[in-house]
Each structure stands twice: as structure tokens, then as C-alpha cells.
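One structure is given here, and the rest of the page talks about it.
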Amino acid sequence: MAPTVAFCTLGCKVNQYDSQAMLERLESAGYTAAPFSAPCDVYVVNTCTVTGTGDKKSRQMIRRAAREHPGAAIVVTGCLAQRAAQELAAMPGVRLVLGTQRRGEIAELLAAALRQEEPLIAVAPLGRDTPFEALTVRGSEGRTRATLKIQEGCQNGCAYCIIPSVRGPVRSRPLPDIASEAMRLAEAGFAEIVVTGIHLASYGRDFGDSVGLLDALRAVARTPGVRRVRIGSLEPAIVTEAFARGLKELPAVCPHFTLALQSGSDTVLARMGRRYDTAGYRRAVEALRACYPDAAIASDILCGFPGETQAEFAQTRDFLREIGFARIHVFPYSPREGTRAARMPGQVPKSVREARAAELIALGAQLEAAYLSRWVGRTCEVLFEESHPLGAQGYTAEYVRVAAGGTPGRFAAVKMERVNNSILEGSLVREEKACAIR
């Protein structure tokens, strides 16, 4: 009987891509995939260390696998593994620790780890000469859309962020490789592709001035069979009027943009080491809305950064209302050992951080409801992904979740009739051909 493997992936879409690539490597080596809740021979935990919560959840999942399946081998990989390899290797059941490189060797490294008594630590150091790891995927497990990773690393050095130390310098995937993978995914039936990276705005920086993010997006968007291209998180500085017009020239690009903000206070942004202010952010939003009037603008917000006063918090709250986000993801600040922010004076008490985060989460719900209400009465294209009591649910190009009569895996035209919590419910107008569900 073939050995079984299960994955638990925490954190970002880059981790999701990396997990899919590792799963496919293990399947090629004879493993069969299974749910993380099922009895398996091997459990892989792809960790996150962006916040303290990410650390905590990563360790919890390792302990859970060891507790529920004491005879299984545990592989730990990802950002926390890159930062704390020795600590994780000492946890019960852990046989192999990988970081954010060498994921393509997981099958061979796991075989070597299972032949020895002590855990194998295969965490490669990250330096200026670290290459882009040539991982590939054939699809995306359980999805109608596939993720395509085009970039790795970040060197912005924001005061609060641990990512540059665990993901390394900027490395970009060559355009021919991007085009080839987009073609493979389209041929497999994936009509929607999510383009992701650790810092997408830096794509091509290591290639000189000849290639940039727009070139990578063109390589994906012009692939026959690709109907939607969804872009991962962007930095405001890249979104100029020319960049927005370049996106508009690619009809497949979805008008759904996660534009990094973190704070709506210029003084907080300066302490964070962010490379923009609220005026620059406002210009970026205006550039996008000039080309996409109904664009869904989303962002991440960090509450309680060191020194954040009540007045600075109020500036953030007011700026969120001004921009009118479609959705926001709010996090209380979490000190990361080794970052400048962890050593800054004026650390905000945890209770205050959490209270401010709760207030902004409530505001985010109001903003999302206002955005969703704009769609009532319109007919939109929806890609259905899974079953729903009304029939099926899926997403518009703006990443608005929709439920209506329909079939998972199909594009459909849906007339939006009402908002139910964070879902638009509607009636099916027509349904189109099926695309991939894996």
C-alpha cells in the first residue's frame, strides 16, 4: 500500500503554492494525499511566522499531529522553520525540518530522514546568491483556480517585519517559466490564476530594468484559456497611472486589488519604515479607480504599532472610511524578535492593541456591507467553486462571494438580489462551460 501524506498550510498564498508543489513532489515519489485529520504516515506542517499567532498555530498543529498520530513522521517547513529550526526539530514526532528553500527535494530529504535516528535539519541559509527555487505545480488541490508563484523574498526592511530574514532577498521567476506554467494550468482547465509572491512589486528587480511586474502579468493574462488573473498584494508605490492603464489593457486582470496600507497615520507609517504616505496611497487608489470604478480595494491594517497614540489610531480609522475599502484584514501588532520595532519605546499594551483591532474589524464589516450593497440589482459573472444550499457559491472578478442556483466549476451570469451577511445572493441568468475542480 502506498504511504500517505497530509498537509497543513498556514499563512499566505505563497505558502499554499509551496505546499502544492511539495505535495506533487511526494505524489511523484509514490505518496497518496489524505486530509490532515486522517491517519497518515507523514504530516507536513507548512508554518507561518508573520505574527505571534502564526507561531502559535504552527506549533499547535505540530503538537496535534504528534498527539493524535504518535507513530507518524512530521515534516516542518516554511517561515517559522527557517527561523527556529533547532527548536522545532526537538518537538515530538518531527523527523525533517525544511525552511524556505529545498522544498523541491522534499521526497529525497524525507527518505533520508526516515533512515536515521535523529531529526534531519535541511534548512539552507539565505544570502545574496540564493537562487529562485524552481518549484512547479500542476494545479491547486480542491480549487477552481490555481496559484502561480512568480517571486520570492523581500528587502524593504519594514521595522515590524520578520519576512526578509526568513524569505531572503528578492528573486524573480524568469518570464518563460511563468508563461510555461500558466499554459500548463490553462490546459488542465484552470481558467482563473492567482499570481503571487512575497513582494510582487519587486518582481524583476534582480533582472535589471528590462522586466517588471506588468511583463509577468502579461505573460499570464495572454495565455489562451486563462479568463481571470487575480493579483496578490501590491505596494502603493508601484500603482501609478501608467501601471493602472497597463493593467486595464489586460482584460483578464480582475478588478480586485489588495493594496498594502498598515496604517492611515503618516507618523506611524514613517516609524514603520513604509515607503509611502497617505497622500501616495490615495493617489494609487485614485489611479486604480480611474480605470476600474467598481474595483474592490482591500488592505491589511496593523493596530497598536509601538508609539501609536489614540490620535494616530483615529487618523487610521478616518482614512479607512475615506478610502471606502471593500474589505480589510486587521491584525494587532505582534512584536517579532530581531526586528527594529520589537526594540522601540512606547510598546502599546496588548489589551489596547486588541481593542483597537476589534474596533477596526467592526468598521471593516460596515465598509464591506456598503460595498456589497452596490452590486444589488446588477448581473455579474461568477465562477462557482462549491456547493451551497441555494445551489452553488463562488466569486465575481471583484472577489465578491455569491450564492445562487448553479453548478460548482462553472462560470455563470447571476443577477444579484440581496446581501446576506457577507454573501450576495441572486438568481441564475445563464450558466457556461465547466472548468477544473481538483
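Points worth noting:
- Per residue, the accessible area of the chain comes to 41 Å² when a 1.4 Å probe rolls over the protein heavy atoms.
- Among the lysines of the chain, pairs at least eight places apart or on separate chains and with Cα atoms under 22 Å apart come to 7.
- Local net charge near Gly104, Cβ-Cβ under 11 Å (Lys/Arg +1, Asp/Glu -1): -2
- Here the Karplus relation 6.51 cos²θ - 1.76 cosθ + 1.60, evaluated at θ = phi - 60°, turns the backbone of the range 121-132 into coupling constants of 9, 10, 8, 7, x, 10, x, 4, 9, 5, x, 6 Hz, with x for every Gly and Pro.
- Antiparallel %, DSSP beta bridges [both residues in the range 128-279], to 5: 15
- In Hz, Karplus ³J(HN,Hα) per residue of the range 261-271 (6.51, -1.76, 1.60; θ = phi - 60°; x = Gly, Pro): 10, 6, 8, x, 10, 5, 5, 5, 4, 5, 5
- Labels on offer are [x] 41, 28, 17; [y] 33, 26, 19; [z] 33, 29, 22, and the one holding semi-axes √(5λ) of the Cα gyration tensor in Å computed from this structure is [z].
- Of the trypsin sites (Lys or Arg not before Pro) in the range 213-259, those whose Cβ has at most 15 other Cβ within 10 Å and which sit in DSSP loop: Arg222
- Apportionment of accessible area to carbon and sulfur, the chain, percent (1.4 Å): 51
- Under a 5 Å amide H cut-off, with hydrogens placed 1.01 Å from N, Ala29 pairs with nothing among residues at least 5 apart or on other chains.
- Inter-centroid distance (Cα atoms) of the range 42-85 relative to the range 353-382, Å: 33
- For Gly189, the amide hydrogen comes within under 5 Å of no other amide hydrogen, counting only partners 5 or more places away or on other chains and with H modelled in the peptide plane.
The values are calculated or read from the model by the stated rules, or taken from the named source; none is laboratory data. No experiment lies behind these values; they were computed from the predicted model shown. All Cβ positions, glycine included, derive from the backbone under ideal geometry; neighbour counts span all protein chains shown. When the accessible area is computed, the model is the full protein with side chains, heavy atoms only, and any ligands, DNA or RNA have been set aside. Shrake-Rupley method; radii C 1.70, N 1.55, O 1.52, S 1.80 Å.
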